[in-house]
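Report on the following structure.
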Amino acid sequence: MTETTDLIGKAKNLAEDFSRTAAHHDATGAFPFENFDRLFDAGLLGLVSSRDHGGHGEGLTSAQAVISEIARGEPSTALVLAMHYTSHFAIRRFGKWPQHLAERVLLANGQGVALINNAQAEPRIGSPAHGALPETVARRDGDRWRISGHKSYVTGIPVLKWVSLLAVTDEEEPRLASFLVPTDAAGFRIEKSWNAAGMHATASDDIILEDVSVPLDNLIEAQPASEPIRRDEHAAAFFFGLLGAVYHGVARAARDRVLGFASKHSPASLGAPIATVPRVLDGLGEIEVLLATNARLLRSLGEDVDAGRPVGMDGMHVRHVVIDNAVAVTSLALELAGNPGLNRDFQLERHHRDAITARSHAPQSHMIRTIAARSALSRLG
């Protein structure tokens, strides 16, 4: 058994355990702290971190497989983990992080549950993908930065040790910069705001920073604020690939439930399982086609990123199709299951609520289509 196969096998086993409490976390919104303890014990928090720092050095293909398995069990956990992997992939792959900050994050990741995520969106401007500069400001004060602002949708905030926070500096020539900010810093507080229909346990709450002080060398990277935000195509594809893998896992869980139901549910009026009904067979077949398409797209994207091949905007395009297909799968599964599918104990409705939540991730599908159209038009010369 290869190491990669073993790691995916661990994810499958954990997903089975996580699935037993998933409905509880969905109903209550309670954050699944214990799941991250289990992920650490299994060595999965270091999946994409470099081997030199105690990680496994895996790429996007393996990360997608792990995330998809975890999402089958408890998708909120998978989404938080996907964000963590995205940061660690950036540290390892691109070398943009200052070494002392990378060492700090990597060392902690090997010692315990020490997750990291970006903090970019804001209540008034939304995601930086929309083109507006953040209102969060980093002010130079001697050998410190003092940061004040308000960030939204900071997924997994209860378990984060740090955030990579996007802010504008107050310099004569302002820069758009990312800062490593510890979540236990003075002036850093969480504002409970997340109460979405799906992915309820992600705790994607707001954070408020009131004159939070960090050293000057906690600056990760910066660019002129007057320029459009820079996005590396492989970093973007890695994130979009993992995002797609989360909701592909959700759709697979819905498929498993409806397939088991259709093969066993025998109404008295039919005298046979509903899977023998042509309409139901057609629907189950459509689900298989959609899931096979997702799996192929995600695998192809992962292989290209891992090989360093150009991917352009394919990450966004794959994310668009995979999420649309995942929503279609969960919707169709509900339709095929009929009234029983709407019963909370059956959990198909939970899978559907989780899947439709995917459409809120920036950039939304309409923005992706607009970007694609403008790119196509620009090629006309």
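The values are calculated or read from the model by the stated rules, or taken from the named source; none is laboratory data. What you are looking at is a predicted structure, and each value in this text was computed from that prediction instead of being measured. With ideal geometry, Cβ positions are generated from the backbone for all residues, glycine too; neighbour counts draw on all protein chains shown. Side chains included, ligands, DNA and RNA excluded: accessible areas come from the protein's heavy atoms. Shrake-Rupley method; radii C 1.70, N 1.55, O 1.52, S 1.80 Å.
Over the stretch 1-70, with the other protein chains present, what is the accessible area per residue in square angstrom, probe 1.4 angstrom?
Using a 1.4 Å probe on heavy atoms only, each residue of the stretch 1-70 averages 43 Å².
Which trypsin sites (Lys or Arg not before Pro) in the stretch 48-112 pass both tests, a DSSP loop state and at most 15 other beta-carbon atoms within 10 Å?
Passing both the DSSP loop test and the Cβ count: Lys96.
Expressed as a whole number of Å, what is the distance separating the alpha-carbon centroids of the stretch 1-77 and the stretch 90-143?
23 Å
Out of the stretch 349-380, which trypsin sites (Lys or Arg not before Pro) are coil in DSSP terms and have no more than 12 other C-beta atoms within 10 Å?
Of the trypsin sites (Lys or Arg not before Pro), the ones in loops of the stretch 349-380 whose Cβ has at most 12 other Cβ atoms within 10 Å are Arg379.
In the stretch 142-246, what GluC sites (Glu not before Pro) fall in a loop by DSSP, with at most 12 other Cβ atoms inside 10 Å?
Answer in residue order: Glu172.
Please work out the average accessible area per residue across the stretch 233-378, using the 1.4 Å probe convention, and give it in Å².
For the stretch 233-378, the solvent-accessible area averages 44 Å² per residue.
If I compute solvent accessible area with a 1.4 Å probe over the protein chains, what percent of it on the chain is carbon and sulfur?
Solvent-exposed carbon and sulfur of the chain make up 52 percent of the total.
Any idea of Val137's accessible area? Nearest 10 Å², probe 1.4 Å.
60 Å²
How much accessible surface area, in Å² rounded to 10, belongs to the heavy atoms of Leu270 with a 1.4 Å probe?
Spelled out: Leu270, probe radius 1.4 Å, area about 80 Å².
Just check the chain against the gyration tensor rule for me: Cα atoms, a ≥ b ≥ c as the square roots of the eigenvalues, rounded for a/c under 1.5, and otherwise prolate or oblate depending on whether a/b exceeds b/c.
prolate
Would you mind checking the pairs Lys161/Lys192; Lys12/Lys151; Lys10/Lys151; Lys10/Lys192; Lys10/Lys96 and listing those with alpha carbons more than 28 angstrom apart?
Beyond 28 Å: Lys12/Lys151; Lys10/Lys151; Lys10/Lys192; Lys10/Lys96.
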